[in-house]
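The values are calculated or read from the model by the stated rules, or taken from the named source; none is laboratory data. For clarity, every value in this text was computed on a predicted model and none was experimentally measured. Reconstructed Cβ throughout: ideal geometry from the backbone, glycine too, with neighbour counts over all protein chains shown. For accessibility, only protein heavy atoms count, side chains too; no ligands or nucleic acids. Shrake-Rupley method; radii C 1.70, N 1.55, O 1.52, S 1.80 Å.
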Amino acid sequence: MSRDAQLLFADHVGRFYARQYGFPPMAGRLLGFLFVCDPPQQTIDELAEALLASRSAITGAVKLLESYRMARRTRPAGERVDRVSLDPASQQPQNFDSAVHQEHAVLFREGLALLADAPPERRAPLEEMVALAEFLSERLPALLEEWHAHRDELRASGRLPSADG
């Protein structure tokens, strides 16, 4: 794969993560590059050179991705620099924690209490958010189980690599 193709992919990922999740573009570009770079572990200097960015921009992007468990730094024995790679946790389903949605429902109910005497059309947005949060809280654990079963079937058939490699 050419370096230009890698950079184009990294730019596409950067724009997607900026638009969808509010990431700084460099963090999304770095994430995209980590998915396709060879070798899969890169130093800050190598990443800066490859992505045509400053070391400080890469370091900031690495810190952000580490906070989301999307990237990690390691330092092999005998080396004096960290290597950055995808965090294996990044390939696990995210945002399936029903407790987060239960907390959302509690927060939205608090808002509904403030609007107890308001007309139905004023309460409607919060009522819908409570209903959505409760729905997600109830459904996500089952959906996660379905995904694990489906992933295991894909691995057993050889369409996905095994968890070991």
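Please sort by residue number the GluC sites (Glu not before Pro) in region 37-98 whose DSSP state is loop and whose Cβ has at most 14 other Cβ atoms within 10 Å. Walk me through the intermediate numbers first.
Numbers: sites: Glu46, Glu49, Glu66, Glu79; in loops: Glu79.
Here the sparse-neighbourhood loop sites are Glu79.
Let me check against my output: what whole-number percent is the relative contact order of region 20-165, with C-alpha pairs under 8 Å and at least 6 apart? Let's see the in-between values first.
Values: 133 pairs, mean separation 24.7, N = 146.
This gives 17 percent for region 20-165.
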Query raised in the report: Regarding region 82-124, what is the average projected area of its C-alpha convex hull, in nm²?
Result: 5.4
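What is the gain in length, in nm to one decimal, between Lys63 and Phe9 on full extension, counting 0.36 nm per residue of separation less the C-alpha to C-alpha distance?
Gain on stretching Lys63 to Phe9: 17.3 nm.
Multiply the residue gap between Val81 and Leu132 by 0.36 nm, knock off their C-alpha separation, and tell me the result in nm, one decimal place. Present the calculation step by step, with values, prior to reporting the outcome.
Details: separation 51, 0.36 × 51 = 18.36 nm, distance 4.63 nm.
That works out to 13.7 nm of additional length.
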Query raised in the report: Once the convex hull of the C-alpha atoms of the chain is built, how many Å³ does it hold per residue, rounded to a whole number?
Result: 168
**Report entry** ³J(HN,Hα) computed for each position of region 112-125 - Karplus, 6.51 cos²θ - 1.76 cosθ + 1.60, integer Hz, glycine/proline x
**Finding:** 4, 4, 5, 9, 3, 9, 7, x, x, 5, 6, 7, 3, x
Report task. May I ask you to compute the full-extension gain from Gln94 to Ala53, defined as 0.36 nm times their residue separation minus their alpha-carbon distance, rounded to one decimal in nm? Result -> 11.9 nm
Query raised in the report: With the other protein chains left in place, how much accessible area per residue, in square angstrom, belongs to region 33-165 at a 1.4 angstrom probe?
Result: 67
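To the nearest 0.05, what FRET efficiency results for Leu107 and Glu145 with a Förster distance of 22 Å applied to their C-beta separation? Provide the component values of the computation, followed by the final result.
Working: r = 27 Å, r/R0 = 1.21.
E between Leu107 and Glu145, to the nearest 0.05, is 0.25.
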**Report entry** Heavy-atom SASA rank of Asp97, Asp87, Asp11 (probe 1.4 Å, accessible area, largest first)
**Finding:** Asp97, Asp11, Asp87
